[in-house]
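Visitor: This is the structure, below, for whatever I ask next.
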């Protein structure tokens with residue numbers, strides 16, 4: 001069993017989407033764009049990973065750039081953030097090739113995936129499914145390290161800290177730039193080593209699980225009771241005009257537009 005701490009860099013540039021048929025449909029009916037484009041994932045363009053053994057010693061590293069097949073151009077903002085350019089990826093292997101190499105790097109399905117946030121584990125499955133690749137060998141047990149940093153600093157796990165902020169707060173030396181998949185995987189591994197306790201248990205990731213959120217019943221104001229209460233307070237009946245003003249004032253107040 002190993003801990004696989006990994007990170008991805010992504011790209012999404014719909015202007016260079018390689019689906020001429022869909023682009024033609026979107027040009028004819030732009031209102032369908034959200035539905036039509038939802039099938040296209042954020043495309044992984046770099047995989048960086050660090051492998052730890054059960055003593056948390058680093059045993060191997062993985063770093064592969066990926067030639068994009070979904071969007072042919074790297075979005076300028078992605079280049080600005082990561083330094084990755086379209087030209088840089090032209091000679092790299094495609095995702096199916098790198099995916100197979102990544103599975104071999106992880107060695108077996110008993111390894112535990114360790115991520116900074118949940119976006120990377122979702123993207124791994126979505127990119128594999130997009131390319132019709134077998135996801136059966138992807139380890140299902142994972143640890144999301146990010147919320148444990150918040151707990152370490154006695155903050156709510158809903159108050160998530162950025163990777164760089166966490167590195168700085170934990171006093172980890174900054175030897176490499178951020179927003180590089182291998183570098184970010186390295187920093188995440190160093191955080192994991194600092195915060196690891198034996199009771200830190202992995203969870204089972206279910207890619208097709210849909211969280212059912214409870215539906216809250218919409219509440220309605222009982223205007224008759226409201227009017228009766230105001231009549232009681234003023235010790236007189238409210239005229240029809242006054243009742244309409246009260247109802248209108250209540251509805252306008254609910255919009256919060258008059259708060260200072």
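Visitor: How many residues does segment 162-177 contain that are more than 23 Å from residue 83 (Cα to Cα) and in contact (Cβ under 8 Å) with a residue 12 or more places away in the chain?
Guide: Matching residues across segment 162-177 total 3.
Visitor: Can residue 25 be described as assigned to a helix (DSSP H, G or I), at pLDDT below 55 and over 24 Å from the mean Cα position of the chain (by Cα)? Spell out how you get there, then give the answer.
Guide: Details: assigned to a helix (DSSP H, G or I): yes; at pLDDT below 55: yes; over 24 Å from the mean Cα position of the chain (by Cα): yes.
Judged against the criteria, residue 25 is a match.
Visitor: Right, here's the next one. For segment 66-82, which residues satisfy the criterion of being under 10 Å from residue 44 (Cα atoms) and not in a loop (DSSP other than H, G, I, E, B)?
Guide: 67
Visitor: Take residue 71 and decide whether it is over 18 Å from residue 182 (Cα atoms), modelled with pLDDT under 95 and surrounded by 18 or more Cβ atoms within 10 Å (Cβ to Cβ). Give the steps one after another, and end with the answer.
Guide: Numbers: over 18 Å from residue 182 (Cα atoms): yes; modelled with pLDDT under 95: yes; surrounded by 18 or more Cβ atoms within 10 Å (Cβ to Cβ): yes.
Spelling it out, residue 71 is indeed over 18 Å from residue 182 (Cα atoms), modelled with pLDDT under 95 and surrounded by 18 or more Cβ atoms within 10 Å (Cβ to Cβ).
Visitor: Considering only residues that are under 20 Å from residue 140 (Cβ atoms) and either modelled with pLDDT of 95 or more or out of contact with any helix residue (DSSP H, G or I) (no Cβ under 8 Å at 6 or more places or on another chain) (or both), which ones fall in segment 169-200?
Guide: Within segment 169-200, 185, 188, 192 meet the criteria.
Visitor: Of everything in segment 201-219 that's exposed (fewer than 13 other Cβ atoms within 10 Å of the Cβ) and modelled with pLDDT of 80 or more, which residue is farthest from residue 146 (Cα to Cα)? Even if it seems obvious, please write down each step before you answer.
Guide: Initially, segment 201-219 is screened for residues exposed (fewer than 13 other Cβ atoms within 10 Å of the Cβ), giving 201, 203-204, 206, 208-219.
Cutting the leftovers down to modelled with pLDDT of 80 or more gives us 201, 203-204, 206.
Numbers: 201: 14, 203: 14, 204: 17, 206: 19 Å.
In this case the residue turns out to be 206.
Visitor: Among the numbered criteria (1) farther than 29 Å from residue 1 by Cα; (2) at pLDDT 95 or above; (3) touching a helix residue (DSSP H, G or I) at 6+ places or on another chain (Cβ under 6 Å), which one does residue 166 miss?
Guide: Residue 166 satisfies every listed condition except (1).
Visitor: Could you say whether any residue in segment 92-108 is more than 28 Å from residue 206 (Cβ to Cβ) and at pLDDT 95 or above?
Guide: Going residue by residue through segment 92-108, those that are more than 28 Å from residue 206 (Cβ to Cβ) are 92-93.
From what is left, the residues that are at pLDDT 95 or above are 92-93.
Scanning segment 92-108 turns up at least one residue that is more than 28 Å from residue 206 (Cβ to Cβ) and at pLDDT 95 or above.
Visitor: Could you grab me the full set of residues in segment 145-163 that are under 18 Å from residue 3 (Cβ atoms) and assigned to a loop (DSSP other than H, G, I, E, B)?
Guide: 145
Visitor: Which residue, of 70, 47, 84, is in contact (Cβ under 8 Å) with a residue 60 or more places away in the chain, within 24 Å of the chain's Cα centre (by Cα) and over 16 Å from residue 124 (Cα atoms)?
Guide: 84
Visitor: When segment 178-192 is examined, which residues are found to be touching a residue at least 60 places away in the same chain (Cβ under 8 Å) and either surrounded by fewer than 15 Cβ atoms within 10 Å (Cβ to Cβ) or part of a loop (DSSP other than H, G, I, E, B) (or both)?
Guide: Matches in segment 178-192: 179, 180.
Conditions tested, residue by residue: (1) in a loop (DSSP other than H, G, I, E, B); (2) out of contact with any strand residue (DSSP E or B) (no Cβ under 9 Å at 6 or more places or on another chain).
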position: 98; (1), (2): no, no
position: 122; (1), (2): no, yes
position: 129; (1), (2): no, yes
position: 132; (1), (2): yes, yes
position: 139; (1), (2): yes, no
position: 143; (1), (2): no, no
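Visitor: On the given criteria, is residue 148 farther than 19 Å from residue 44 by Cβ and touching a residue at least 24 places away in the same chain (Cβ under 8 Å)?
Guide: Spelling it out, residue 148 is indeed farther than 19 Å from residue 44 by Cβ and touching a residue at least 24 places away in the same chain (Cβ under 8 Å).
The values are calculated or read from the model by the stated rules, or taken from the named source; none is laboratory data. All of these numbers come straight from a predicted model, not from anything done at the bench. Heads up, the Cβs are rebuilt from the backbone with ideal geometry, glycines too, and the neighbour counts pull from every protein chain shown.
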